[in-house]
Each structure stands twice: as structure tokens, then as C-alpha cells.
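S.K.: Structure below; questions to follow.
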Amino acid sequence: MLEVRQQYTFYGVLLYVASTIFVLHLAMWEPEGTVWKGLFWMMQLFICVNAVAKSFLQEGRERLLYFYTIAGARDFILSKLLFNALLMVVMSLLSLGLFMLMLGDPTTDAVSFLLISMLGGFSLSLVFTFLAAIAARAQQSSALMAIMGFPLVIPQLLLLNKASTIAFEHVLQGGLFSMILLIVGLDVLLVALAIILFPFLWKD
Amino acid sequence: MLRQKWWKIVCVIMLLYTVVAGFLGSVPAKPILNETIRNLYFHVAMWMAMMITFIVSVIYSVRYLRTNNHLDDIYALEYAKTGIVFGILGVVTGSVWARWTWGAFWSNDPKQLGASIALLIYLAYLVLRNSMTDLDKRARIGAVYNIFAFAMLFPTIWIVPRMVESLHPGGMGNPAFNTDDVDARMRAVFYPGAVPGWTLLGVWITTLRIRLQLLAEQRLH
């Protein structure tokens, strides 16, 4: 995978995360819960665009051809999805740690927020992996990523943002379970679509 | 069948019926809603026409991926375009209605946001297509994205807006399309007139656009 061969991209994203959070720290010290939550999800979105999009956009044509000869399309997209999902979960955990360190910890229930942010990183990575696979086929792919990606992730982000309210307030939130279920269902749908549709993108 | 004339005549009659009966027919008097309830014939029916054209579009995209027939791709594209037009009309009629019932054209209601996000997703489809020059590649990737966009349409306009507070009819005890609020007189206009009328108009526009597209390609060759 690209991240192992070009480790500087991985560290680049890490540095990007750290410096952005540091700037936020300088700009707002310790923001209150809703702001903190909003910033956190925005951070996740941009980390995802940066980290996941690279996996397809920066692969050379020859190397893709090489992968084509050694692996089937389904195996390839599955491994990409899995790898990117793991990458994003790690990134979510790291940025959550940095957030707590630098911006304070407004959560009352850190464990559930941790779980929701892992789920969030996982689902965002699925959307962007598939979109990167589409965008890599077109010209000006990084602009296309933004055009296609942002409207598509808004529902997910809204759901995640709403679900993560649980970690900030002690009120019993109705519908939390169905929201989580919906996010998981969306993930399953995305994986299924990616497996069905990717072979069509792949043959060239 | 689509080359025949009768369904276009039926379409015009249905729409005339919708407009005449929609503006002149009697409607249940409701507080706040008053006469704006007539928007049912336009706003709601246009959303339904949009959903139907998007469904047709996605069916043609699936067919394209199975057959690689260039014609299917043109059908999918033009039906998606018509769907976008109906979507824009749906948002506009909705926000005019909101002006007289909610007090403002735009109030960042979840339904309004969901609808505009759905439109953005489909506009991205057009941008994606235009970013590629190779015909086969464009058709194939366009079809893949169209199916993907259709799958994402459901959470954006059907599921998520229903899970949060919304002023839109149908949620939070607001009057909506159920037996208490819409009576038989309105149903007599909505089902036989407005829904099939607007849908047929969409199909008509699309067939014209498809013919135009085919003529333009013939001239190119």
C-alpha cells in the first residue's frame, strides 16, 4: 500500500492534524461543548479528505495496472476499504487524544464519545474511499473529491454530531440506538455498493 | 409507445385539470395553512415526479452497466437532468409556501437542507460527467456515480430529516398528508391529476431532450 511505501504522506497527515489542533488551541483555548464537538467533526472530515483521498489519487497508472494483474477488483477494493478504515480509526483516536489534550475535555462520557468517533472515522473513510476511486478516473480529481464528497457526507456528519451529543449531556437521548443503527446500516450499504460497482470502475 | 401522441394529450388534460381544479376547487379550511394547502398539487406532486424520474434514471444506469449500450447512458443522463429541474421547482414552491406559513422563504429547516443537499449530490453528477472526455469512460463512471448518488438520496431526503425536529408537515404533530387533513376532494385532484400529470410532463421533456441529444450526435458523426 501507498502509505507504507511513502511514509512521508502518513506523517504529513499526522503533522497536519497536530498543527491544525494547535492553531485551534491558540485561537480558542477551551471551547464549550457544542463548539468542541463541531470542530472535532470538521477536523475528521478534513483528515479524511487528506488521508483517504491520497490512497487512490497518488497511485500511478502503472502501479494500478500491476495491482490489476495480481488481484481481483473485489479483493482490491475490499482491502482498500479495510486499510483506509483502519487508518481513519487510528487517526480519529489520535486526533481525539490531541483534542482532549489541547482543547480541554468538555465531555461527560468520554468512552461513548470515543466509540462514536471511531464509528465516525470508519464510516467517513468508506465514503471517501469509494469517491476517491471514482475521482481518480477523472481529471482534476481533487476538486471533484470536494464537489462529490461534501454533499454526500453531510447526512453522515449530521447523524454523528447528533449521536455524539450523548457524551456531553446527561439527558437520556431518545433515538440514539436507531441513529447508531442507521449509521451502521449506511456503512453496510456503502460496502455493498463498493463491492458491486467497483469492478466497473476498474476495467480500463 | 413513447412516439405516440395520446399520452401527451392526456398529460396536458391532467395538468389543465390540476391547475383549474387546484386553484378553483374547494379545499378544507385549516388554520395557518388556509389556501396554501393548494400547494399540495404542485410542491408534493413535483417531488414525486422528481423521485420517479430519478428512479427511471438509476434503472437506465444499471442497464448501461449491464449492456454497455450508449443509448441507455443518454436516457439516464436526461432523466437525471429532468429530476434536477423538478427538484429545483420543488424547493422553490416549498419555499414560497414557507414564506406564507413559516414566515420566511428559507429557515434552514432540516427538510430544506436535505433537499438542497440532494440537489448538490445530483449536480455533482453533471460536473463529474463533464470532467471526462472519453465517451465510454464518462458513461461508465457516470453510471456508477448515479447509482451511488441514488443510494445516498434515501438517507438525505427520506431518513435523516425525519429524525430531527422539523416544521415541515408530517412531523412533530404538524398537519400533513393524512386522512385528517386532506379530504376526498383534494385527493380527487392529487392522484388522478397532479402526480401523473407532472410525471408525464417530465417524461415528455426528457424524450424531447433525448431526441435533441441524438440529433446532435448524428450531426457530429
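S.K.: Return the subset of A:Lys54/A:Lys203; A:Lys203/B:Lys137; B:Lys81/B:Lys111 for which the Cα-Cα distance in this structure is over 19 Å, preserving the input order.
M.R.: From A:Lys54/A:Lys203; A:Lys203/B:Lys137; B:Lys81/B:Lys111, over 19 Å: A:Lys54/A:Lys203; B:Lys81/B:Lys111.
S.K.: OK, next. Need one value for A:154-160: mean number of C-beta atoms belonging to other chains within 10 Å of its residues' C-beta atoms.
M.R.: Going residue by residue through A:154-160 and averaging, the value is 6.
S.K.: Is the shape of the range B:103-164 best called rounded, prolate or oblate, per the rule: a/c under 1.5 gives rounded, else a/b larger than b/c gives prolate, else oblate, with a ≥ b ≥ c the square roots of the Cα gyration tensor eigenvalues?
M.R.: Here the range B:103-164 falls in the oblate category.
S.K.: Once Lys and Arg get +1 and Asp and Glu get -1 on their Cβ, which of B:Ala115, B:Pro192, B:Ile157 lies farthest toward the positive end of the dipole of the protein assembly as shown?
M.R.: Going by the Cα projections, it comes out as B:Pro192.
S.K.: Work from the charge dipole of the protein assembly as shown (Cβ charges, +1 for Lys and Arg, -1 for Asp and Glu, about the Cα centre) and give the residue of B:Tyr41, A:Ala110, A:Ile195 farthest towards its positive end.
M.R.: B:Tyr41
S.K.: Now for a separate question. Using a simple charge model, +1 on the beta-carbon of Lys and Arg, -1 on the beta-carbon of Asp and Glu, nothing else, what dipole does chain B show about its Cα centre, in debye to the nearest 20?
M.R.: Charge dipole, chain B, about its Cα centre: 580 debye, nearest 20.
S.K.: For chain A, what ratio Rg/Rh do Cα atoms give with a Kirkwood hydrodynamic radius?
M.R.: 0.99
S.K.: What does the average come to when, for each residue of peptide A:144-153, you count the partner chain Cβ atoms lying within 10 Å of its Cβ?
M.R.: 5
S.K.: Sticking with this structure for a sec: Helix hunt in chain A: which complete DSSP H runs extend at least 30 Å axially by C-alpha with mean Kyte-Doolittle at least 1.6?
M.R.: Within chain A the helices that satisfy the rule are A:73-102, A:110-135, A:176-202.
S.K.: For the protein assembly as shown, what are Rg and Dmax over the alpha carbons, in angstrom?
M.R.: Cα radius of gyration and Dmax of the protein assembly as shown are 24.1, 72 Å respectively.
S.K.: Which of the listed residues, A:Gly38, A:Ala73, A:Ala27, is farthest toward the dipole's positive end in chain A, when Lys, Arg count +1 and Asp, Glu count -1 at the beta-carbon?
M.R.: Positive-most Cα among the choices belongs to A:Ala73.
S.K.: Could you compute Rg(Cα) / (2.2 N^0.38 Å) for the range B:51-174, with N its residue count?
M.R.: 1.19
S.K.: Also, quick follow-up: Give me the orientation-averaged projected area of the Cα convex hull of chain B, in nm², one decimal.
M.R.: Result: 13.4 nm².
S.K.: Looking only at other chains, what is the average number of their beta-carbon atoms within 10 angstrom of each beta-carbon in A:184-190?
M.R.: Counting Cβ atoms of other protein chains within 10 Å of each residue's Cβ and averaging gives 2.
No value in this document is a laboratory result; all are computed from the given coordinates. No experiment lies behind these values; they were computed from the predicted model shown. Heads up, the Cβs are rebuilt from the backbone with ideal geometry, glycines too, and the neighbour counts pull from every protein chain shown.
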